[in-house]
Amino acid sequence: MFVYWLIFLFPAWLAVTRLRPVQSQAARWSGSWHAVFWLLVLAIGLRYEVGGDWVNYLDAIKMVANVPLQQALSQGDPAYSLLNWLAVETGLGIYFTNTVCAALFAWGLLVFCRAQPRPWLALVVAVPYMVTVVAMGYTRQGIAIGLAMLGLVALADRKTLRFVMFVALAATFHKSAVILMPLAILAGTKRKIWTAFWVGLSSVLFFVLLLQDSVDALKSGYIEAEYQSQGAGLRLAMNAVPAILFLLFRRKFVMPQTERTFWTWMSLGALGFVVLLVVSPSSTAVDRLALYWIPLQLFVLSRLPNAIGKPNGLNSMLVNGVVAYSAVVLFVWLFFATHAEYWLPYQFYPWVWLFK
């Protein structure tokens, strides 16, 4: 459990000691950012028997053992299957796959956080659920979210093509990332009709290439089987609360109008998942798709002190409030979540290997 709190307390300390909002980050990463990057990569990539799907990921590697590359790529999401095939070929096993995934996830997460006025506060918000639960428990979807966050930063800079490329890459790790593709239409580009046309075309293309063969399996596996996720309502509420806050105070969030419009739609989408949860026969399907809206928590809560406090002020009480809220989320999850036992105790592979 110490490792989870270490990952949390490092950015929390920086968030409460570096209170002055930044207008723009330097292109070069400071030592603190390099330190937290490697902390995330090592903790996520070299974890041992951590996460509810640990055995399933071991089975995924076994499925591509001693088979040609082309056959391995057909076993599931192609990019993830490629990593597993390389893990077998190099003899590095699941730790190779997890470390590569951890590096890409951490890269996307930190780039997204550094695009916020209070980057360390954004990282604080990310640790309790996005890092601890998603990145360490849902490896494929974790890396897809990391790549999607790179796309969201590109979209904020009006780089629609780059957004589509990152989402397409994310979909090769977890096909469900295709759901984000239409968001490019909301980016506020001047050529809306043309953007809508080719983004729509790209969405259809990637649906056909990646999802078409999986639709029946997804339908029978999630919808018809009516799979249910414990705590799905609470996790959706964690997206819904910042969504409501943004909609209530969106005029006070300092950003270009196009970006405000985009996050308004993202907020409405987060509330839409709550409605969908009520009417859907499978809370698991809704829960997994809503994971792609977690960046909304980072975006809104890290900017909230400036929105409801003094613009560009220190707003220390509000920053401390967001840190305290995030600490409570981590505490409640570690001590009371139904599946927390699969994360506890945290085990680090090199340490376990040395004492076998």
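Condition check for F163 on (1) over 27 Å from F348 (Cα atoms); (2) at pLDDT 95 or above; (3) crowded, with 22+ Cβ neighbours inside 10 Å: one failure, at (2).
Taking segment 19-106 and the helices (runs of 4 or more DSSP H) fully enclosed by it, the elements with 1 or more residues that are in contact with a strand residue (DSSP E or B) (Cβ under 9 Å, 6 or more places away or on another chain) and among the small types (G, A, S) are at 31-45. Evaluation of L291 against the conditions (1) in contact (Cβ under 8 Å) with a residue 12 or more places away in the chain; (2) part of a helix (DSSP H, G or I); (3) over 18 Å from the mean Cα position of the chain (by Cα) shows that the sole unmet condition is (3). Screening L271, L330, L298 for residues that are in contact (Cβ under 8 Å) with a residue 60 or more places away in the chain, hydrophobic (A, V, I, L, M, F, W, C), touching a Leu at 6+ places or on another chain (Cβ under 9 Å) and surrounded by 14 or more Cβ atoms within 10 Å (Cβ to Cβ) leaves exactly one candidate, L298. Selection over segment 275-286 of residues that are in contact (Cβ under 8 Å) with a residue 12 or more places away in the chain and within 22 Å of W263 (Cβ to Cβ) gives a count of 2. Got at least one residue in segment 221-233 being assigned to a helix (DSSP H, G or I), at pLDDT below 90, closer than 19 Å to M181 by Cβ and β-branched (V, I, T)? Among the residues of segment 221-233, not one is assigned to a helix (DSSP H, G or I), at pLDDT below 90, closer than 19 Å to M181 by Cβ and β-branched (V, I, T), which makes the answer no.
Conditions tested, residue by residue: (1) crowded, with 17+ Cβ neighbours inside 10 Å; (2) at pLDDT below 95; (3) aliphatic (A, V, I, L, M).
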position: A60; (1), (2), (3): yes, yes, yes
position: V64; (1), (2), (3): yes, yes, yes
position: L69; (1), (2), (3): no, yes, yes
position: S74; (1), (2), (3): no, yes, no
position: W85; (1), (2), (3): yes, no, no
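The residue list V41, V36 contains one member that is surrounded by 16 or more Cβ atoms within 10 Å (Cβ to Cβ), touching a residue at least 24 places away in the same chain (Cβ under 8 Å), closer than 30 Å to A340 by Cα and out of contact with any Pro (no Cβ under 9 Å at 6 or more places or on another chain), which is V41. In this structure, does G321 turn out to be modelled with pLDDT under 95 and either among the charged types (D, E, K, R) or over 24 Å from A144 (Cα atoms) (or both)? When the stated conditions are applied, G321 does not pass them. The requirement of being of a type in the set (A, V, I, L, M) and loosely packed, with under 11 Cβ neighbours inside 10 Å is fulfilled nowhere in segment 336-344; no residue meets it.
The values are calculated or read from the model by the stated rules, or taken from the named source; none is laboratory data. All of these numbers come straight from a predicted model, not from anything done at the bench. All Cβ positions, glycine included, derive from the backbone under ideal geometry; neighbour counts span all protein chains shown.
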